[in-house]
Every structure is written in C-alpha cells, then in structure tokens.
Amino acid sequence: MDLKLEEVTQLFERFKSAFVRNDFGACTDVLSHLKVLLTKFPSLPPSYQETPNAVQELTIARDIYEHAVVLSVKTEDQDAFERDFFQLKPFYTDTCGIIPPSPQEYPILGLNLLRLLVQNRIAEFHTELELLPQSALENPCIKHAVELEQSFMEGAYNRVLSARQTVPHDTYVYFLDLLAKTVRDEIAGCSEKAYDYLSINDAKKILMFSTDQELSEYITEV
Amino acid sequence: MTADVEMEVQAPSSSVPSATVPSTLQHLKEIVSLIETGAQGKEVRRIVRAVRLTMMLRRKLRASVLSAFLGHVLPSGSEAFAKLSSLLPKDDEHDMDVDTAASVVQGPAKHCIPELEIFCYLIVLIYLIDQKRYNEAKACSSASIARLRNINRRTVDVIASRLYFYYSFSYELTNSLAEIRGTLLALHRMATLRRDELGQETLLNLLLRNYLHYNLYDQAEKLRSKAPRFEAHSNQQFCRYLFYLGKIRTIQLEYTDAKESLLQAARKAPVAARGFQIQCNKWAVIVRLLLGEIPERTVFMQKGMKKALTPYFELTNAVRIGDLELFKIVADKFSGTFSSDRTHNLIVRLRHNVIRTGLRNISISYSRISLADVARKLRLDSPNPVADAESIVAKAIRDGAIDATIDHANGWVVSKETGDVYSTNEPQIAFNSRIAFCLNMHNEAVRALRFPPNSNKEKESEETRRERQQQEQELAKHIAEEDDDDF
C-alpha cells in the first residue's frame, strides 16, 4: 500500500470514530482535509487512470463521500448534501466495472430523491428516477420515496405523514420532518378553498396541532 | 417502388446505351459524375441528389459491385482503397454484373477528390450494415470519421452528415453507444466551428439519442438548451429533434410543450416512417393523458398502428372511466410492453389522473355524496380511506379540477351547480386556441416554401432561363421525394 493511501485510510478511521461519537465539528474538519487528499488520487473521476491501486482508491473515496452525504444530513445542511451527492454520483454511474456496488447505494439515492421532493424539485426528481433500473424500484428505500411522491401528488397527505413511521433508514427522518412542514402548508392551502367553515377542533386535527395555541400561532404566521 | 421507377426514368438521359438495363455499377458511376460536377461547381444540391440516388440503390449493392466500384474510383495505391477493400467480404457470388470485369480493366482513375473518397466510405458502410457485419461496419465508420476530421469542404458536409448517422447507427446496433459520445461531441464542436449546419443538426440529434438511450435526460437537456439552433435544413432531422425534445420535456413534467413537440413530430414525419410515428403517438397519448385530455379514438385506429397502440388504447380507456382497479389491471397486463417502451415510470404518474377523472365523474353525477362513498367509488385501498378521500378531494378542489365544497362536520362533499358554459369566456378561449393553431400552421407552411437560389434575379437570358426551369423541375421532384427518403 502506498503512502497516500495509507494516510487517507488512517484519517478516515479518525473520521469514523468521530462520526460514531456524533462529534460533527471534528468530522467536518477531518472531512475537508480528506477531500483535499483525495484530489491527489489519479484513479478517481474524472480522470480514471488505471493505477495499480485504483480499486482501493475508488472504494475508499466512495466510502468517504457516502459518509460525507450522511454527515450533511445529520448536520442538516442541504447545500452540503447536494455538493457531496454530486461528487458521489460518478462513483455509482461510472465505476460499476471496476469496483463492486456499494450496499449504501440505494439508501443514498433514495435520500437524494427525498431531498428533491422536499425542495419541490419534481422535474429533477423524475429525471433521477429515470436513471434507475427497473430492479431498483423494488428496493425499499427507493420505493419509499416513489410512493411518497405519488401520495403527495394525489393529495393523500395523511399517507405522507404516516410514512414517517415506516422509514427504511434512520437518516430519512430529517427530510420527512421537513416534508411534514411542506405538507401542512399544502393542507392549509387546500382547506382554504375546500371548506366553507371548519371548527377549531377539526382544523386542529387536520393540520395536526395538539393545542389551540399552536394553531392560532400558525394562523397568524400564515 | 419509387426507387426503381426513378432509375428507369433516369437511364435514357444518361450516357448509357439504351436497350440494356443499366447495372448497379453504372448507376454508381452516374452518381460519381454527379458528385464530381457538384464538387467542382460547389453545388451542394447536386450532392444531396447523389446521396439520395445512392439510397435507392441500397438494396442492389453486392460485394463484387462494390469492389469493382472502389477499383474504378479510388487510386489503387491509396490508403482508403486498401482499408475499404480489406473490409469487404471476399466475393460471395458472381451472378450480378456482366460488365464488372470490363470496368476494372478501364484502368486506374484519375486523382480522387475528397468527396468521392468519403462517398466510398459511406457506400461501403451502408453495405456492411445491411449485411449485418456490424464489427466491420464499426471499423469502417471509425476510419471514415478519422478521415473526415481532416477534410474541411462544404461540399463534403452532406455526405458527412449521412456518415455520422451510420457511424452512430453501427455503434447502436452493437450496443456500444457510450463509447462514441466523446467523438460525437468533438464532431459537433467541429461542425459548429465550420458552420456546417446540416452536420450540427445531425450530430445534435445523434447526441440526444445517445443520451436518451441511457436515460440521461439531464445531460440531454443541458446540451439541447445550449446548442445553437437555426432553421431546420432537413425535415427528417427536425422530426427527430422534436421527438427527442418531446421526450425530455415529458420527463421534466412540461407536458404542454411536450405534447406540442410530439404531435408536431408525428405530423411532420413522412408516411413511410411508420415505426417513428408509432413511437411519437405512444408518447403523445401518455402526455395527453397526463394533461387530463382523452385522445380521440381515431388516434388508435390509424392504419398500421392499431396493434402497436392497443396497450395504450386500453390504458386510455381505464383513465377515461376513472377506475383505479381497471387501471391497475391494464398496467400489469402490459407491463412488459411498457417497460420495453420505457414508459413505465410515466404510467405510474398516471394514477393521479385516474383518480382525478373518477372524482370529476362523481362530482358531475352527484350533488351531494358522503366521503365514505367517494372512497369506495374510487376504490382507494388504504387503511384510512375517508381521511384520504377528504384530502384528495380538497386538493382537487384547490387545483380547480372539481367545483365543490366539503362539509367536514357531516362528512360529505357538496358539488356546486355548474353554470352555463356559454355565459363564461370559456368558448372564447377555446376559439382563440384553435385560431392560433390555424394561423401558426399557415405561417409554417409559408415559411416552408422553397425557392431556387437565384430566383430573384430579373432579366435572364434564354440560356439561364432554361437552366432555371430545369432546376425548378428537379427541385419539385426533390421535394416530392424527400418524404419517402431514408428514416
């Protein structure tokens, strides 16, 4: 094993231990250091040089970016998520011949779909979906996101909210919480048009508030 | 067979002695002289004609004819000659040409112009593809592309654009399209720099096809939106472009634009290109369903398309009735067809429209209905159908699909009385869109008129007038033929 690879591996171990401890500050620091080191690997996208260490380099780089994506979810940073995801994507699309597929692939792709849904970028959602093979749609992580989109389009909002109980992966919770907020706004918009009148109690139930106070706060806010 | 008729008419006017039916080789020689005069006079039109004549000969090509032809046209020592003859299969049968031997003896041809060299590549490539020798075809096309890069002549462009097409086609047949993406991009850049608009058009389409083959809609759209656009030169390329554009827009949920492109593509496509029309119609049907329109029955009953469109017909039926159960059955029944058409994901999107139509039917037929009944009629199979129905109805009301209110306390939906449509400006809008369509059609027809290059010159001598008339006749024929051409 050559020196650079050695260094990256060691650093990555440190990152992982910090990651397990949920010390996100340290993680971010190590990560930015790691990313700089990764630029020195010639076998990574976009150059794909066939070096003797290519397989190890690609595998570890992919692993690092996967962790980076998950980290960005945990730190609730959507911009970082997008950046890291785009860095990770070439590994999924263009390295299938070189290294074996990652077990994390579908959870992360599903996460990305969810992000697009939350940000209401439906066109991109469908563009990403087209890239997936038929078999991927059977995967619980992908299926979850696809079904969410459907319920969302139909207007079956309570199904969207109940999806939170059936998350296939714990990182999904963050986006589902965000989605819940979007859904509440949607419901409010629909109710405005659909009901002539609505009692406070019913409104509370429909908009999923537990107290009258929360409801009145929300009403004044909107 | 327009091709044969055409050739018969041609024969007497050329130098071939009458009575004998002209052989393929002689036809090829005529084409060569056409190319030569075209190249000397810098008349692109002649070369277009030459290429079209070649396509008519396509089915008559034999290895023996081709090798004789190569011997006739290319200098025997040249690189192209060596390469191309090595690719041709060594003689199958000698039945065809009586005069093959004679023409070879005619001796080495004079200096070979680049147009002819490229033409030789093209004709060999077509032959190889027709013979299903795809690996040789790949080798041949790659060699020709390498050669093309070093030639910069406007008169080559026409032949080159055909060559690009077959280049990509040979790679598609061997399922290795991804390999040539870089080359195609480089060629497109080169064509843009040289202002070769036909080449740009062809290459842009090939690139879009390349991307869409791998479902890379994002890249395709980025390229499409940034590539330079201009008046289309070739109807076929324009049809293809519209089709790809329609596909991209469908995926990105711009249904109205997608519908326009797809329908236009289907309408502009020549009658002979039935496969293409079927594809366009399939996509157009789905897009219209997604828009909430129901395509007319005549769409599915078009000649020669009935069988291919059956799955889509049943799908339309399910959407029209608004029956989720039936929709599911149809989607399952034809899932094989839908996934091979790569429309599966679009079908999934349709579920929403099925519910909408069902809801609209209910709201028209009932003035008041309980939510539980709505859920049952829509056959929503979920743990909490009433709550689902309520939010679905609420969303439909907000989106303006139905005109109703919900009474939450009593749990029912009350439809509002539908007023007289003619008291609104609905009819006006409908008229407006139809008038706009007609005007647009008229404008496009006017724009599509073609005039010979020097028609605006006044006062012409007898000589030039005769020439002009001849040109016009050719042009008329050209336009008539174009629709039958390639695809």
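The values are calculated or read from the model by the stated rules, or taken from the named source; none is laboratory data. Note that this is a predicted model, so its numbers are computed, not measured. As a convention, Cβ positions derive from the backbone with ideal geometry for all residues, glycine included, and neighbour counts pool all protein chains shown. Accessible surface is based on the protein model in full, side chains and every heavy atom, while ligands, DNA and RNA are left aside. Shrake-Rupley method; radii C 1.70, N 1.55, O 1.52, S 1.80 Å.
Observations on the structure shown:
- Residue within segment B:316-333 that is open to solvent by 50 Å² or more (accessible area, probe 1.4 Å), more than 10 Å from chain A (Cβ to nearest Cβ), in contact (Cβ under 8 Å) with a residue 24 or more places away in the chain and over 39 Å from the mean Cα position of the chain (by Cα) present: no
- Whichever residue in segment B:182-223 is within 14 Å of another protein chain (Cβ to nearest Cβ) and assigned to a loop (DSSP other than H, G, I, E, B) and, among such residues, is nearest to residue B:345 (Cα to Cα): B:215
- Residue A:145 being small (Gly, Ala, Ser) and within 12 Å of the chain's Cα centre (by Cα): yes
- On the stretch given as segment A:147-161, residues that are of a type in the set (Ser, Thr, Tyr) and without any contact (Cβ under 8 Å) to a residue 24 or more places away in the chain total 1.
- Among the residues examined, residue B:264 qualifies as open to solvent by 30 Å² or more (accessible area, probe 1.4 Å), in a helix (DSSP H, G or I) and away from every other protein chain (no Cβ under 14 Å).
- Selection from segment A:188-214 of residues that are open to solvent by 30 Å² or more (accessible area, probe 1.4 Å), closer than 18 Å to residue B:402 by Cα and within 7 Å of chain B (Cβ to nearest Cβ): A:193, A:196
- Reported count of residues in segment B:226-261, each being within 14 Å of another protein chain (Cβ to nearest Cβ), polar (S, T, N, Q) and buried (at least 17 other Cβ atoms within 10 Å of the Cβ), is 2.
- From the options B:402, B:429, residue that is out of contact with any helix residue (DSSP H, G or I) (no Cβ under 7 Å at 6 or more places or on another chain), more than 9 Å from every other protein chain (Cβ to nearest Cβ) and among the hydrophobic types (A, V, I, L, M, F, W, C): B:429
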